[in-house]
1. Take residues that are over 29 Å from residue 235 (Cβ atoms) and either among the basic types (Lys, Arg) or modelled with pLDDT under 95 (or both) and tell me which of the helices (runs of 4 or more DSSP H) falling wholly in the stretch 114-203 contain 2 or more.
2. Take residue 292 and tell me if it is charged (D, E, K, R), surrounded by 19 or more Cβ atoms within 10 Å (Cβ to Cβ) and more than 13 Å from the chain's Cα centre (by Cα).
3. Among the residues of the stretch 199-227, what is the count of those that are more than 25 Å from residue 340 (Cα to Cα) and in contact with a strand residue (DSSP E or B) (Cβ under 6 Å, 6 or more places away or on another chain)?
4. Could you count how many residues in the stretch 272-289 are surrounded by fewer than 21 Cβ atoms within 10 Å (Cβ to Cβ) and either touching a Cys at 6+ places or on another chain (Cβ under 6 Å) or acidic (Asp, Glu) (or both)?
5. Can you find, within the stretch 59-75, the residue that is nearest to residue 122 (Cα to Cα) among those that are in contact (Cβ under 8 Å) with a residue 12 or more places away in the chain, surrounded by fewer than 17 Cβ atoms within 10 Å (Cβ to Cβ) and not aliphatic (A, V, I, L, M)?
6. Residue by residue through the stretch 304-352, note down the ones that are farther than 23 Å from residue 402 by Cα and not aliphatic (A, V, I, L, M).
7. Which members of the stretch 211-225 meet the condition of being within 17 Å of residue 257 (Cβ to Cβ) and either of a type in the set (Phe, Trp, Tyr) or surrounded by fewer than 21 Cβ atoms within 10 Å (Cβ to Cβ) (or both)?
8. Applying the selection to the stretch 407-424, what residues are of a type outside the set (A, V, I, L, M), assigned to a strand (DSSP E or B) and closer than 14 Å to residue 449 by Cβ?
Amino acid sequence: MAGRIGFAARRAALRFADTVVTLPILRWTWRGLADDAFARELPEYRPADRDAVREMMAGRYLLASKLIETGGASPFGIDVDHQDWWLNLHGFAWLRHFRDVRDNGERRFARTLVLDWIGREGRFSRDTWAPAITAQRVLNWLRHWPLLLEGATPEQAKTIQRVLGTQVQSLKLRGRLASDPIDALYAAIALLGAEYCDQDDKADVALRVERLNAELVRQVDADGLHLSRNPKLQLQLLADLVTVRRVAATVKSEASNELGAQIDRMHESLDALTLSSGEPVYFNGCGQLPHDVLIAIQSNGPARKRRSMLLGGYGILRDGDAVVVADSGLAPPPGYDGELHASGLAFEFSHGSELILGSCGPAPADLPESKALFSQGVAHSGPTIDAEDMSASGSGGMTLNAPDHMLTLTSDGYAKRFGVEIERQLTLIWGGMTLVGQDRIIRKGNASGTLSVRFHLAPGVMVRRNRDDGIVRLVLPDGAVWSFLWEGASLREEESVRQSAYIGLHKTRQLILDTDAGSGTDAEVSWILTREQD
C-alpha cells in the first residue's frame with residue numbers, strides 16, 4: 001500500500017511539472033533545436049507493402065487492421081473512434097510502405113501527408129504530442145528522412161526540419177518528467193536515434209546510450225521481460241530498439257554492450273511467450289499481433305532457445321510440437337499495470353501450427369467500454385469461483401519440473417472470499433501429444449462457491465460429443481482430432497469469442513467443468529487432452 005501511495009504522489013508531482021513546461025509561455029523554448037539539421041537516417045527493418053501505398057493514395061487507410069475510407073479527405077481531419085488506428089496514423093509507422101517507392105508522385109504523396117500533419121498538428125496538443133507517440137513519430141520520420149526531404153522545396157524542407165527539431169526538444173524536456181514509465185522509455189529510445197542523426201559535432205550518442213540502458217534496467221526484469229508482462233508492448237518496444245541497436249553499437253562502451261545484451265534478452269522473452277502457432281499468448285493486454293512485423297523483428301534477435309522454463313511470472317512447457325504457456329497471475333508494479341488481466345492460473349496451448357486452447361484477448365479498440373469485461377478471469381482458460389476474479393492482492397507460487405515438462409501453479413486469491421486455495425498442475429507427456437491437467441481445491445476455512453474450469457477453444461475448432469459418452473472430441477482446422485476427458489466435475493458447453501485484429505471478434509466455443517468448492521473435503525478436477533492417432 002505504501003508503495004502505491006508513494007507512486008501516486010510521485011506521478012502527481014510529475015504531471016504538475018509536465019503541465020508547467022507545456023504552458024504556452026514556456027513552449028517557445030522547445031524550438032531550441034529548430035535550426036539543427038538531421039543528416040542521417042535510421043535503419044528500417046519492418047516489411048513494406050506496395051499495395052498499402054496504392055490504397056492510401058485511393059483514400060483507403062488500413063492501419064492496425066482497421067480499414068477507414070476517407071473519400072479523398074485527409075486522414076488527419078476525420079474523427080475515428082478506434083484508438084489503435086489513430087495511434088498508428090499519428091505515429092507514422094505506415095511510412096515504411098513508401099520505403100522502396102521510386103515514383104515521384106508516390107513519394108510526393110508521403111511528404112504531403114507529413115506536411116498536412118504539420119499544418120494541423122504542428123503546434124502542441126496533449127494528445128498528438130504525448131511522449132510515446134511523439135517518440136514513435138520522430139523515429140519513423142528519421143527512418144525515412146530522405147523520402148521526406150528529397151524533392152521538397154527549400155521552405156518545405158525547413159518546415160519539416162523545424163517541426164522535427166521541436167518534437168525532439170519536447171522529448172528532452174518531457175521525457176524526464178514523464179509520469180508514465182513507458183513514456184520515459186520511448187523518449188529515451190527516440191532521443192538516442194535523434195542524437196545519432198543530428199549532424200552537430202557536439203552530439204553525444206554515448207550519453208544517450210547510457211540513459212537508454214539505465215531506463216531499460218529500471219523497466220525490464222532479469223529475464224528480459226518488460227514489467228508490464230504484456231507481449232504486445234514487448235514487440236512494440238523491440239520494433240524501435242532494433243532500430244537504435246546499430247546506433248548504440250557505434251559506441252564502444254560497457255553501457256553499449258549491456259544495452260545489446262538487454263535487447264537480446266527481450267527477444268528471447270518474446271520468443272518464449274510465442275506459441276508454436278506463431279502468435280504470442282493473449283495475456284495482460286496482448287491480442288493478435290501483425291505476423292509479418294513479428295517475424296521481421298525476431299529475425300534480428302539471437303538464435304531461439306526452445307525449452308521449458310519460468311519467465312517473469314509465466315511458466316512455459318515445450319515438448320515435441322506442443323507449447324503451453326501459463327500465467328501465475330503476478331501483478332505488475334504500479335505504473336506498469338494499466339493492461340493487467342485477471343489471468344491467474346490460466347494457460348494457452350498449441351500444437352504444431354494450430355492453436356487449441358486460448359483466451360478471449362483484450363477488448364477490440366473500437367469497443368473501449370468492454371475493456372473490463374475482456375480482462376476478467378472468465379475470459380481466460382483458467383479456474384474461477386462463482387465467475388469472480390482472483391484477488392489482485394493474493395499471493396501464489398510456480399514451480400517447474402523441466403525434465404518431466406510439469407508445471408505447478410498455486411494461488412490464494414480466493415482464500416479470503418471463498419475459503420480455498422487453488423493448485424493447478426499441467427503436464428505434457430508423450431512428446432507433447434497429451435496434456436494432463438489437475439485443478440485442486442485446498443480448503444483454508446469455511447469453503448463455498450462453485451469452481452468453474454474454463455477452456456476457450458481456438459477459432460475453427462469444432463466440438464463433437466455424444467450425450468452418453470464421457471468424452472468430447474475436438475476437430476481442429478487442419479483435421480487433427482483431440483479427445484478431451486475429465487472427472488470430478490460436470491461439463492457444459494457455451495459460446496465464446498476470440499479477438500481478431502482482422503475480423504473483430506471471432507465466435508468460438510468454450511468447455512466448462514463445474515464442481516462444488518464448498519464440499520466437506522478437498523476436491524480435485526482432473527482432465528486430459530490427447531491427440532488421436534490417424
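1. Counting at least 2 such residues, we get 154-174.
2. Taking the combined requirement at face value, the residue does not satisfy it.
3. Residues in the stretch 199-227 being more than 25 Å from residue 340 (Cα to Cα) and in contact with a strand residue (DSSP E or B) (Cβ under 6 Å, 6 or more places away or on another chain): 0 in total.
4. 1
5. Result: 74.
6. Selection gives 332, 333, 334, 335, 336, 337, 338, 339, 341.
7. Within the stretch 211-225, 211, 214, 215, 217, 222 qualify.
8. 421
The values are calculated or read from the model by the stated rules, or taken from the named source; none is laboratory data. Treat the numbers as computed from the prediction; the structure is a model and nothing was measured. Heads up, the Cβs are rebuilt from the backbone with ideal geometry, glycines too, and the neighbour counts pull from every protein chain shown.
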